[in-house]
1. Which helices (runs of 4 or more DSSP H) sit wholly inside segment 336-398 and have at least 1 residues that are within 16 Å of ligand 1 (Cβ to nearest atom)?
2. Given the criteria in contact with a helix residue (DSSP H, G or I) (Cβ under 6 Å, 6 or more places away or on another chain), within 16 Å of ligand 2 (Cβ to nearest atom) and polar (S, T, N, Q), does T331 qualify?
3. Just name the residue that is most open to solvent (accessible area, probe 1.4 Å) out of those in segment 223-244 that are of a type in the set (G, A, S) and part of a strand (DSSP E or B).
4. Are any residues in segment 88-100 among the β-branched types (V, I, T) and within 10 Å of ligand 2 (Cβ to nearest atom), and if so, which ones?
5. Applying the selection to segment 275-293, what residues are surrounded by 15 or more Cβ atoms within 10 Å (Cβ to Cβ) and among the β-branched types (V, I, T)?
6. Output the number of the condition that E312 fails; it satisfies all remaining conditions of (1) of a type outside the set (A, V, I, L, M, F, W, C); (2) touching a helix residue (DSSP H, G or I) at 6+ places or on another chain (Cβ under 9 Å); (3) more than 16 Å from ligand 1 (Cβ to nearest atom); (4) in a loop (DSSP other than H, G, I, E, B).
7. If Y87 meets every condition in (1) hydroxyl-bearing (S, T, Y); (2) open to solvent by 10 Å² or more (accessible area, probe 1.4 Å); (3) within 16 Å of ligand 1 (Cβ to nearest atom) apart from one, which number is that one?
8. Do the conditions hold for A306, that is, is it modelled with pLDDT under 95 and open to solvent by 10 Å² or more (accessible area, probe 1.4 Å)?
Amino acid sequence: MSVGADALKVKLGQAVDGLLDELEQLSHRIHDHPELCFKEEKAHAWLTDFLESHGARVERGVGLPTAFRATIPGAGPGPTVAILCEYDALPGIGHACGHNVIAAAGAGAGAALARALGRLPFSGEIQVIGTPAEEGGAGKVKLLEAGVFRGVDAALMIHGRCGTRVWRPSLGIVKVKVEFFGKAAHASSWPWRGVNALNAVIHLFVALDAMRQQIRPDARMHGIIANGGAQPNIIPEYTSAEFYLRSLDRDYCFELLRRFQACAEGAATATGCTATVTPDPTVHEPLKPNATMARLFARNLALIDAPEDPDEGEAGYGSTDCGNLSQVIPTIHPYVRISPDGVPGHSREFAEWARSPLARGGIVVGAKALAMTALDLLASPDALQQAKDDFARGGGAP
Ligand SMILES: [Zn+2]
Ligand SMILES: [Zn+2]
């Protein structure tokens with residue numbers, strides 16, 4: 001750890017404090033205008049204008065129309081550390097994942113670095129990368145494919161939660177769509193001439209519920225009926241449903257898929273329908289831990305007096321497209337408190353907390369710890385090398 005970096009952290013902290021009202025307004029504006037995956041035009045415009053106004057060099061529409069990159073240059077050629085923003089919302093329940101806070105913290109870190117330091121006094125550069133479509137779009141996978149992370153040595157972001165935790169696992173996901181094909185008929189006068197595709201989809205849900213007892217405790221299977229028929233007087237000739245099959249272990253996700261397929265075929269056979277099962281080619285990878293980056297982040301949390309909360313041990317795990325990134329470059333995805341204990345993500349309650357004084361606190365903690373940790377990685381080539389060694393070793397326990 002360079003002494004240089006630690007002295008600069010005081011300036012960084014002050015810069016975040018100075019920007020805080022503006023950051024909170026930005027967070028509220030994004031929260032008040034929830035935009036779904038790939039359609040985050042307003043958030044993209046507000047975040048890029050904000051970063052530009054504070055001196056970052058901004059490129060808009062990088063890799064995806066609503067992605068961006070803002071660069072804070074260093075003293076010369078060297079490594080690149082990326083701070084990530086997310087800013088998409090959920091259908092129907094708005095910013096119930098608090099991505100407005102992720103956006104404000106990430107952009108705040110970048111703006112504070114640019115404001116406090118101008119040009120970074122170390123080789124290399126820090127980028128703020130705007131990554132759209134986390135909720136259902138796997139935007140980071142698309143940005144990886146588009147080469148946006150080429151040349152990035154390490155990446156970090158924060159996510160809001162009901163407690164501050166540097167490390168929490170996240171699950172891999174195989175997404176799968178099932179369609180059942182039956183035969184339409186009048187549901188009252190000729191029901192025996194129909195083949196009921198809704199019965200097939202109901203059978204599938206029941207079969208999966210029966211299977212649930214025989215799956216590993218970390219696994220999750222959950223779905224919705226996307227198309228359940230047209231109206232009650234027509235025997236449904238077509239139904240479709242979408243499921244996520246999740247586990248800590250990528251291979252086990254595919255074991256779940258194999259069993260899911262058998263359930264779908266069984267449901268089709270039982271009802272006289274035919275089934276088509278279509279897995280999404282994009283697999284969400286589990287998050288790979290990076291012990292060195294996690295340690296640096298935890299140290300910075302202590303420095304700003306925002307220590308980790310104990311793990312309440314109650315909640316299960318979600319998933320993130322950051323998992324895919326973490327399998328390609330050293331990455332951390334710590335959580336900062338933006339709600340009281342026990343408030344579930346993706347709830348209307350959490351959406352309210354994402355616009356609360358606690359969320360303002362999460363923006364401060366997130367922006368400071370992100371900026372300081374990114375700076376640590378540039379200031380100390382040893383630390384960055386250690387992070388790369390962790391990555392090469394397969395992660396290691398944080
Ligand atoms: Zn979410
Ligand atoms: Zn989220």
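1. Working: elements: 348-353, 357-379, 381-393.
Of the helices (runs of 4 or more DSSP H) lying wholly inside segment 336-398, those with at least 1 residues that are within 16 Å of ligand 1 (Cβ to nearest atom) span 348-353, 357-379.
2. Numbers: in contact with a helix residue (DSSP H, G or I) (Cβ under 6 Å, 6 or more places away or on another chain): yes; within 16 Å of ligand 2 (Cβ to nearest atom): yes; polar (S, T, N, Q): yes.
Spelling it out, T331 is indeed in contact with a helix residue (DSSP H, G or I) (Cβ under 6 Å, 6 or more places away or on another chain), within 16 Å of ligand 2 (Cβ to nearest atom) and polar (S, T, N, Q).
3. Going through segment 223-244, the residues of a type in the set (G, A, S) turn out to be 223, 226, 228-230, 240-241.
Filter again for part of a strand (DSSP E or B), leaving 223, 226, 240-241.
Working: G223: 31, A226: 58, S240: 8, A241: 0 Å².
Filtering first and then ranking leaves A226.
4. Let us first name the residues in segment 88-100 that are among the β-branched types (V, I, T), namely 93.
Within segment 88-100, no residue meets the criteria.
5. Residues satisfying the conditions are V277, T282, V283, T292.
6. Condition not satisfied by E312: (2).
7. (2)
8. Numbers: modelled with pLDDT under 95: no; open to solvent by 10 Å² or more (accessible area, probe 1.4 Å): yes.
When the stated conditions are applied, A306 does not pass them.
The values are calculated or read from the model by the stated rules, or taken from the named source; none is laboratory data. Since this is a predicted model, take the numbers as computed values, not measurements. For neighbour counting, all protein chains shown are included, and Cβ atoms are generated from backbone atoms with ideal geometry for every residue, glycine included. Each accessible area value is taken on the protein alone, full model and side chains, heavy atoms only, with ligands, DNA and RNA left out. Shrake-Rupley method; radii C 1.70, N 1.55, O 1.52, S 1.80 Å.
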